[in-house]
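Asks: The structure follows.
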Amino acid sequence: MMELAKECKQLEVFTHVSTCYVNCDRAGFIEEDIYDKDMDVESRVKKLMAMNPQEVKDQELSLIGKFPNTYTFTKNLAEKNILKNKGHLTVCLLRPSIIASSLREPFPGWTDSLSAAGGITMLVGIGLVNFINAAGLNRFDMIPVDIVTN
């Protein structure tokens, strides 16, 4: 996408939708920044792509390090790759929390997936789930998809 964006003569901003959890491998106060900017992302990805699926599965925890899952790990790598290869582009890294079904558009409750947040909100919305066991001070850290896209 970024290579295509570089060819667009009137493009003002290239926006990448990342996640607010992109730096969740860090402890303490976390700046809105890209850490470890000098990491050789291409070599890391090349190494991963050379592994067979079983090797990746067997070594997943050591490959992703302190990240809790492959989603946040790959979003982190993507941001580093964008920074390194953005060239002349003005880049916006959008870091929403968990994206959930729509608030208003195209209609309230719309979702394109029943996995993750889509499934939870659908089950609550149709009345099959009436409560979720959680600590009272935890945040239900979700944002409607139409708020993110708008």
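Asks: Tell me, yes or no, whether the range 36-57 has at least one residue that is surrounded by 12 or more Cβ atoms within 10 Å (Cβ to Cβ), farther than 22 Å from Phe14 by Cβ, modelled with pLDDT of 95 or more and not hydrophobic (A, V, I, L, M, F, W, C).
Replies: Yes: one or more hits.
Asks: Same structure, new question: List pairs: first in the range 39-62 and part of a helix (DSSP H, G or I), second among the small types (Gly, Ala, Ser) and open to solvent by less than 100 Å² (accessible area, probe 1.4 Å), Cβ under 6 Å, 6+ apart or cross-chain?
Replies: none
Asks: Another question, if that's okay. Restricting the search to the range 102-134, which residues are out of contact with any Ser or Thr (no Cβ under 6 Å at 6 or more places or on another chain), open to solvent by less than 60 Å² (accessible area, probe 1.4 Å) and in a loop (DSSP other than H, G, I, E, B)?
Replies: Matches in the range 102-134: Ser102, Ser113, Gly127, Val129.
Asks: Okay, next question. Among the numbered criteria (1) under 17 Å from the mean Cα position of the chain (by Cα); (2) more than 24 Å from Phe14 (Cα to Cα), which single criterion is violated by Trp110?
Replies: Unmet condition: (1).
Asks: Next question, about the same structure. Which ones in the range 24-51 are over 19 Å from Asn69 (Cα atoms) and in contact with a Leu (Cβ under 7 Å, 6 or more places away or on another chain)?
Replies: Lys37, the sole residue that qualifies.
Asks: Please go through the range 64-81 and give me each residue that is among the aliphatic types (A, V, I, L, M), in contact with a Ser or Thr (Cβ under 9 Å, 6 or more places away or on another chain) and closer than 25 Å to Leu11 by Cβ, ordered by number.
Replies: Selection gives Ala78 alone.
Asks: State all residues of the range 63-75 that are open to solvent by 60 Å² or more (accessible area, probe 1.4 Å) and either over 21 Å from Ile98 (Cβ atoms) or assigned to a helix (DSSP H, G or I) (or both); if no residue qualifies, say none.
Replies: Once the filter is applied, which keeps residues that are open to solvent by 60 Å² or more (accessible area, probe 1.4 Å) and either over 21 Å from Ile98 (Cβ atoms) or assigned to a helix (DSSP H, G or I) (or both), the range 63-75 yields Thr70, Tyr71, Thr74.
Asks: Within the range 135-150, restricting attention to residues that are within 29 Å of Asn81 (Cβ to Cβ) and assigned to a loop (DSSP other than H, G, I, E, B), which residue is least open to solvent (accessible area, probe 1.4 Å)?
Replies: It comes out as Asp141.
The values are calculated or read from the model by the stated rules, or taken from the named source; none is laboratory data. Source: prediction; values computed, not measured. No Cβ is skipped: glycine too gets one built from the backbone with ideal geometry, and neighbour counts run over all protein chains shown. Protein only, heavy atoms only, side chains kept; ligands, DNA and RNA dropped before computing areas. Shrake-Rupley method; radii C 1.70, N 1.55, O 1.52, S 1.80 Å.
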